[in-house]
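Structure first, commentary second.
The values are calculated or read from the model by the stated rules, or taken from the named source; none is laboratory data. Owing to the predicted nature of the structure, the values given are computational and were not obtained by experimental measurement. A quick note on method: Cβ atoms are made from the backbone with ideal geometry, for glycine too, and the neighbour counts reach across all protein chains shown.
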Amino acid sequence: MKNITNSLAPLAALVLFGTCLVSVFGFLVVLVTSVGFGDGLPLLYYRRLYLPIISVALPVVGMILFAVFLLGISGAPAKATKPAAIKGAIDPNEEWKKKEERLKAIA
């Protein structure tokens, strides 16, 4: 799983970069079309290159890749650690044993 995760990282970064490029290009098309430059030609190219579909599909693919990448990283087994020792803490088992001894002594 680690090999797949490591190979998906550059692809996910590339998809993120592509998404940014498509969104900047879309912003420029809207800006140029709203000014009236080119008589709507940029919008025609925008539609002909299927950029509206790409601008939706590319982020979806990127989210899936990043999800797989992050799940692969967090899937690593954690190291077992010793419980933290607190100074002056009372062990509940010892306290229970003392109570049992007292009850036996009374009875």
_Matching option when the condition is surrounded by fewer than 13 Cβ atoms within 10 Å (Cβ to Cβ), under 34 Å from the mean Cα position of the chain (by Cα) and modelled with pLDDT under 90, among 74, 34_ = 74
_Can you find a residue that is of a type outside the set (A, V, I, L, M), touching a Leu at 6+ places or on another chain (Cβ under 7 Å) and without any contact (Cβ under 8 Å) to a residue 12 or more places away in the chain anywhere in the stretch 26-40?_
yes
